[in-house]
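See structure below.
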Amino acid sequence: MPHAELWQRHRQVMPSWMQLYYDEPIELVRGSGRRVTDGEGREYLDFFGGLLATMVGHDIPEITEAIRAQAGRLLHSSTLYLIRSQVELAERIAKLSGLPDAKVFFVNSGTEAVETALLLATQRRRSHQVLALRGSYHGRSFGTVAATGIRGWSATALSPLAVTYVHSGYRYRSPFGHLDDAAFVAACADELRTIIETSTAGDVACLLAEPVQGAGGFATPPEGFFPAMKAVLDDYGILLISDEVQSGWGRTGRSFFAMPGSGVTPDAITFAKGLGNGVAIGGVVAPTGLMDCLGANSISTAGGNPLATAAGVATLDYLLSHDLQANADKVGEHLMTGLRAIADGCPLVGEVRGMGLMIGVELVVPGTREPAVAATLRVLEAARQRGLLIGRGGLHGNVLRVTPPMTVTVAEADEALAVLREVLTTVER
Ligand code: PMP
């Protein structure tokens with residue numbers, strides 16, 4: 001069926017607030033490695049990985065086979081019964097997290113993972129006051145929407161939580177942006193302390209933070225940012241939840257989870273997206289003291305189900321045995337260097353930033369810092385027409401997001417860079 005007809009049916013039956021990419025949305029029907037094919041037979045280089053969920057590439061034989069084998073045995077049993085692959089995956093994630101005496105609870109999505117972490121922190125601290133970073137994205141449930149700091153994605157007027165926003169470490173549009181790193185970090189930490197002292201009623205439960213903001217446009221704080229923030233939180237006994245739904249699994253190239261890599265041990269880490277390489281799975285890892293504080297009986301009917309956890313085990317195996325963190329570091333650096341070279345001759349690019357394979361290209365009206373939103377949409381569309389899929393984000397929707405699967409090669413990165421060079425230098429501004 002042509003895309004236009006499917007799109008027409010989609011609009012009839014699906015909510016208007018479901019975001020679709022492109023002037024004429026496409027249906028992806030097949031994938032192999034870092035390439036996908038649409039319903040009309042066009043092939044694309046996939047540099048967004050279905051919102052970073054296709055972590056190691058499409059149709060990886062080892063993973064496809066593990067999923068097929070489990071599907072042939074048992075799809076579902078529920079958390080009322082022991083599930084071998086669930087326990088095995090939990091053991092491995094607990095160890096990889098580096099958190100002391102850690103336990104894992106599995107759910108089906110990033111939203112539920114963050115919701116669970118919020119439940120733990122608010123329960124433990126007996127407070128519904130939460131700090132979140134400006135420009136954050138944490139999901140679309142009642143609690144996670146409340147803690148989401150991007151207008152257009154959040155709905156704080158109806159918040160079940162008392163959320164106060166603090167500095168994210170995003171320098172480009174910060175009033176502290178002109179300071180050097182040390183002074184910038186000190187200013188952010190001072191602001192955090194002032195906000196805790198003056199804008200909350202005390203007894204804040206937690207700070208919920210993405211180490212590298214995803215939907216926010218890959219705002220990447222400078223070295224020392226999270227240690228300085230954590231020192232302030234510690235003075236008040238406020239917990240730190242690291243939302244690693246995008247930044248986990250070595251994608252930043254620096255460490256398996258990004259927050260420990262920034263020099264801080266968080267109180268809990270949330271994860272999802274890449275773990276199932278596209279099969280829905282999410283979870284929270286936290287030390288026993290926090291994880292077990294919930295006390296109540298709790299189940300997740302399909303959380304950590306046999307199929308999802310078999311996919312998780314196979315994906316982790318693949319990730320670790322191919323040392324994809326090192327690849328993310330290497331190809332990420334190559335992409336970053338290439339994009340910065342493009343930016344040098346292109347006034348449409350305000351900033352190129354990120355870490356590993358989380359790269360943001362912020363587009364501005366040349367000569368200003370005004371967000372170039374329409375041009376961003378044109379770049380996205382022009383890249384697609386030339387066979388490259390990338391993402392979009394940022395506080396104003398003017399940041400290109402370049403996040404290929406972690407198996408991406410330097411040759412594929414060069415192919416993407418050639419498309420981006422052409423598009424960024426020729427697109428109507
Ligand atoms: N946290 C972060 C950091 C995310 O990027 C996302 C999804 N973009 C979520 C939570 C929510 O995850 P999901 O869409 O799987 O519910």
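Ordering Ala121, Ser136, Leu307 by the projection of their Cα atoms onto the charge dipole of region 65-321, which places +1 on the Cβ of Lys and Arg and -1 on the Cβ of Asp and Glu, puts Leu307 at the extreme positive end. For Lys230, the lysines whose Cα comes closer than 24 Å to its Cα, not counting residues fewer than 8 places off in the same chain, are Lys95, Lys103. Counted over all Cα-Cα pairs of region 15-86, pairs farther apart than 16 Å make up 64 percent. Summary value for region 1-130: 12 percent relative contact order, contacts being C-alpha pairs under 8 angstrom separated by 6+ residues. Take Tyr22 and Arg421, extend 7 Å from each Cα along the Cα→Cβ direction, and tell me the distance between the two endpoints in nm. That separation, rounded to one decimal, is 2.5 nm.
Divide by every residue of the chain the summed helix terms, -39500 (n - 2.57) for each DSSP H run of at least 4, and state the resulting mean residue ellipticity at 222 nm, rounded to the nearest 500 deg cm²/dmol. -12000 deg cm²/dmol, from helical runs alone. In this rough spin-label picture, where each label sits 7 Å from Cα along the Cβ direction, the Leu320-Lys95 distance is 0.5 nm. Each other residue within a Cβ distance under 9 Å of Leu239 adds +1 if Lys or Arg and -1 if Asp or Glu, for a net charge of +1.
Would you work out the relative contact order for the chain, in percent, from Cα pairs under 8 angstrom that are 6 or more residues apart? The value is 22 percent.
Sites count as exposed loop sites when they are GluC sites (Glu not before Pro), lie in a DSSP loop, and have at most 12 other Cβ atoms within 10 angstrom; the longest stretch of the chain without one is 224-427. Positive end of the dipole of the chain (Cβ unit charges, origin at the Cα centre): among Val373, Thr148, Ser247, the Cα lying farthest that way belongs to Thr148. Normalising the average separation of contacting C-alpha pairs (under 8 angstrom, six or more residues apart) by the number of residues puts the relative contact order of region 154-270 at 24 percent. Neighbour counts of C-beta atoms inside 10 Å place Ile67, Ile359 in the sequence Ile67, Ile359, starting with the fewest. Restricting region 185-266 to trypsin sites (Lys or Arg not before Pro) that sit in a DSSP loop and have at most 13 other Cβ atoms within 10 Å of their own Cβ leaves nothing.
Remark: Arg124, Arg73 ranked as Arg73, Arg124, counting other beta-carbon atoms within 10 Å and listing the fewest first. Of the beta bridges in the chain, as assigned by DSSP with both residues counted there, near 65 percent are antiparallel. For the chain, dividing the convex hull volume of the Cα atoms by the residue count gives 144 Å³ per residue.
Restriction of the chymotrypsin sites (Phe, Trp or Tyr not before Pro) in region 1-81 to DSSP coil positions whose beta-carbon has at most 12 other beta-carbons within 10 angstrom yields Trp17, Tyr81. Relative to one another, the C-alpha centroids of region 280-295 and region 256-277 are positioned 13 Å apart.
If I take all pairs of Cα atoms in region 113-180, what percentage of them are more than 14 Å from each other? Considering region 113-180, 59 percent of its Cα-Cα pairs are separated by more than 14 Å.
Here, each number is a calculation from the coordinates, and none is a lab measurement. In this text the structure is predicted, and so the values were computed from the model without any measurement. Please note: Cβ atoms are built from the backbone with ideal geometry, for glycine as well, and neighbour counts cover all protein chains shown.
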